[in-house]
1. Please work out how much length the chain gains when fully extended from residue 626 to residue 482, using 0.36 nm per residue of separation minus the C-alpha to C-alpha distance, in nm with one decimal.
2. On full extension of the chain, what length is gained from residue 707 through residue 617, given 0.36 nm per residue of separation minus the C-alpha to C-alpha distance?
3. Between residue 254 and residue 535, what is the spin-label point distance in nm, taking each point 7 Å from the Cα along the Cα→C-beta axis?
4. Whole Å is fine, so just give me how far the alpha carbon centre of the range 665-705 lies from that of the range 355-393.
5. Taking a cut-off of 20 Å between Cα atoms, list the lysines near residue 548, but don't count ones fewer than 8 places away on the same chain.
6. Quickly work out the residue 318-to-residue 266 label distance, labels modelled 7 Å from Cα along the C-beta direction, and quote it in nm with one decimal.
7. Compute the length gained on full extension between residue 380 and residue 435: take 0.36 nm times their separation in residues and subtract their Cα-Cα distance, giving the result in nm to one decimal.
8. Using the crude model of +1 on Lys and Arg Cβ and -1 on Asp and Glu Cβ, and no other charge, please compute the dipole size for the range 240-327 relative to its Cα centre, in debye to 20.
Amino acid sequence: MSDVKETRFRVEGMDCASCASKIDTAVRRMPGVSDVSVSVTAGTMRVQHDPSSDLDAIRRKVSGLGYVVTPGAALAGDKPAPEHAHGPNCDHAHAHDHDHGHSHDVKAAAMEGLHGHDHGPSEGPWWKGKKGRLTILAGGALVVAYGIGHLFPAIASYAFLIAMIVGLVPIGRRAIMAALAGTPFSIEMLMTIAAIGAVAINATEEAAMVVFLFLVGELLEGVAAGKARDSIRSLSTLVPKTALLEEDGRTKEVPAESLPVGAVILVRPGDRISADGTIIEGESAIDEAPVTGESTPVRKEAGDAVFAGTVNGDAALRIRVTAAAADNTIARVIKLVEEAQESKAPTERFIDRFSKYYTPGVVVVAALVAIIPPLAFGGIWSEWVYKGLAVLLIGCPCALVISTPAAIAAALSAGARRGLLMKGGAVLEGLGKLTAIAFDKTGTLTEGKPVVTDVVAFSSPAEEVLRLAAALEAGSSHPLALAILAKAAEDGIVLPIATGSHALGGKGVAATVEGRDVFLGSPKAAAERVALSAEVQAATTALNDHGKTVSMLIVDGVLAGAIAMRDEPRADAAAGLKALKDLGIKTIMLTGDNARTARAVGSQLGIEVRAELMPEDKQRIVGELQREGFVVGKIGDGINDAPALAAADVGIAMGGGTDVALETADAAILHGRVADVALMTDLSKRTMRNIVENIVLSLGLKGVFLVTTIVGITGLWPAILADTGATVLVTLNALRLLRPIK
């Protein structure tokens, strides 16, 4: 299987479930194609194929169905294409999404002989798209027909026939092409049969009205689908188009997409940061709300990472670029979400399979309704054929088929805007079913770096202990040294110069400071130099019992004091774990750290602890929980937790936008908030409720209109409303999930 290639296409104009189904069926039958995945909401198609496959033939096949398709086009989040000016008659309003090199392909696809497809652009004013213009034309023709019918009743039926033909010709053309491509039971085919059948029984007025209502319904579907599609694409607009590049001592404005890795850019106060990078000079508050949803600006200084699309606050920054435009955090998030939208959830796969039998079944039922009463019970042919045609329209599965992907796409987009990434509908579904979640400790429940918690004075004042210890550690990159230096900086301590500094083989560090011999090291190393009193030993044991690491300071052979450090829990860890418990989810900490430190953190957070574990032990415990009947989620950093992440029902990586966080697990929490785990599970539950509501809504409306049609209360135009109206309602209901997550 190593010779199977994958190509992604941008497909413009999809806005309903039947679009994806027709394209999937047509492309799947192409030579060399092994798999196809089409996302209406992302506007993409992913094709797995042999290296020898004719990609241009695939493009022509999809174009033949009436869509604008570009192989290898730039996806949202990929390198932006040059702006394209649209004239009033432009039929490719999406062309600016494509790579410039494919612009002729786009135009050719739009102009091919079967360009009568009305699934036009859903962005921009609706009346400028082909779909909007066709709807207006059909509506105008219907109004004229009513006027002619009022003035000249004798030719009314001909006027309505012409009005119907105006709208039906493009629909019929699409129906025929879909049938030739392997989808005989498309909504266009059902619509065409119903309209022609209505004319055959002399219901031309209703036929014209039904065609117009169908076009209005499709137009509304396009607008609603466009909103869902734009929700994630809008992220790409956060990144500025230009950047201030420093080169040869000068600053010049360049396109942001041209910035190479390693370039240095200047970001002025109030400007958006144009690339992922590391601050090399300056200190400022960064507003990350556009990317993370975090309302409080984050203070950042030299050495800190920043993300493209965030807003610089109060000071100029010099930033070294660490990722090209196509690889920055926002681009990767958008690409990941688009790929996730192409990955179907179990519910969606079931409904797809169901609809393949459901639609032909509806055709059979409609035929039976039209034929059996006249043949078996002496019913009036025109009356029962009319009812059969109405059943045909009621039975279209559009609303049912779109019910799941619309909700999942909206939820994936809403999650991405909060920094919650889920790799597909299956993962989104699975999160809501979790009954136990196992957390790593370091970097997941804790900050991942030690901080000074206590400065203990024995023979010298606490401030002096910290001052001398920090002097010893100046220049060191060891995590404990950085913690001491950070505490000294926080307290505004001016550090003296240490001379002759040298490390002592895992025991500590020694130097001369202000003419005094100073040593900082572990209690065991300190005991080799001075006698530790029972009081000192008791204090040290008490600090250790709280999970703290203790370093002793000796000055001129006298124990001056001690500094205790610990990797502290994240600020929101306790609240985040409580939120999970309130949802009825069992929580447990799995860590390789020593039991004493783990228990100290566990008691502080109120979570069950399993400590001193190897990676395989974590995997084993996840398996034990699953055998006990739990649906298990595992949260870790995606590296040493890899076996457990893989074994869990859902693996979630916690990290700051790193490759590991984005690629290792089933889901990722980019910004390290423990509380986001509960938000993610709650989003899953709300999404599944939304899907159930959508299914009930679509089937319920069909059921009501089916009964009223059979008993003669409603006719053809309410039948088409039962289909297109339900599709619009289902889509709008799904869009409620786009509201900000709190």
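What follows is calculated from the coordinates using simple rules that are stated; it is not laboratory data. All values derive from a computational prediction rather than experimental measurement. Here the Cβ positions follow ideal geometry from the backbone for every residue, glycine too, while neighbour counts run over all protein chains shown.
1. Gain in length upon complete extension: 47.8 nm.
2. Numbers: separation 90, 0.36 × 90 = 32.40 nm, distance 5.96 nm.
Result for the pair: 26.4 nm of gain on full extension.
3. Using points 7 Å along Cα→Cβ, the separation is 6.5 nm.
4. 37
5. By straight Cα distance, residue 548 reaches 441, 449, 487, 507, 524.
6. It is 1.0 nm.
7. 13.9 nm is the gain from fully extending residue 380 to residue 435.
8. 160
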